[in-house]
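What follows is one structure encoded as structure tokens, with my remarks underneath.
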Amino acid sequence: MTDPNLRISNAEREAVIARLHAATEEGRLDLDEFAERSGKAYEARTYAEVQRLLADLPEPTGALAVPPPAAPAHPNAPAEMRLAPKASSMERKGDWIVPPRLVIDAKASSVKLDCRHAVIRSGTVDIDVNLIASSLEVVLPQGAYAADDNTDVMASSISNHAPYKGGTGIRFTFSGKAKASSVTFRHERRFLWWRW
């Protein structure tokens, strides 16, 4: 049994929020209760504090659901994916397979890689880009972080809203060139029951 005085991780806080969200969708909590408990979950420091928030909700295992570590790479999984849109909009979302290396050669295009529910079998995902007048948005899965210190930019912007803050999550690296382009790394955005 987990010591209630131990400190919880960010991943465990997110698991609590997910459980509260599910309880709200099931009709077990109203929106005010969800907002109040979510606020307390973000402020919580120990297991005891978050367990109180879930005490009156059914939980099959009786424990916090923490995402498992990434599975080892499958021998038949693709090692690389190339995306080369020209004056287009391209999006990958859902349970798509993210290879260890992504190569994006975009011109006057918009590319969104939503990795929240993707299958990632490696501990690191390298994104190599050549962007010209394009935008790239990468939505990272829970616990993952991004490193963007190997880029050559000109008249461009790079916004990393998911920097390394400790832990052992999946590492996304970004390298290459961007001209008159924008690059954004972020985690899931939330408002009440909406997720994007």
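Details
- Pick from region 21-47, criterion at pLDDT 85 or above and aliphatic (A, V, I, L, M), ranking: surrounded by the fewest Cβ atoms within 10 Å (Cβ to Cβ): 31
- Residue 128 vs. criteria of a type outside the set (Lys, Arg) and within 23 Å of residue 85 (Cα to Cα): yes
- Verdict on residue 64 being among the hydrophobic types (A, V, I, L, M, F, W, C), at pLDDT 85 or above and either in contact with a helix residue (DSSP H, G or I) (Cβ under 8 Å, 6 or more places away or on another chain) or open to solvent by 100 Å² or more (accessible area, probe 1.4 Å) (or both): no
- The criterion of at least 2 residues that are modelled with pLDDT of 90 or more and β-branched (Val, Ile, Thr) is met, among strands (runs of 3 or more DSSP E) falling completely within region 95-196, by 101-107, 124-132, 135-139, 182-186.
Every residue, every condition in (1) hydrophobic (A, V, I, L, M, F, W, C); (2) surrounded by fewer than 19 Cβ atoms within 10 Å (Cβ to Cβ), yes or no:
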| residue | (1), (2) |
| --- | --- |
| 87 | yes, yes |
| 93 | no, yes |
| 98 | yes, no |
| 102 | yes, no |
| 108 | yes, yes |
| 151 | no, yes |
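The values are calculated or read from the model by the stated rules, or taken from the named source; none is laboratory data. The model shown is predicted, which means the values in this text are computed figures rather than measured ones. We place every Cβ from the backbone using ideal geometry, glycine too, and count neighbours over all the protein chains shown. Just the protein is used for accessible areas: all its heavy atoms, side chains included, with ligands, DNA and RNA removed. Shrake-Rupley method; radii C 1.70, N 1.55, O 1.52, S 1.80 Å.
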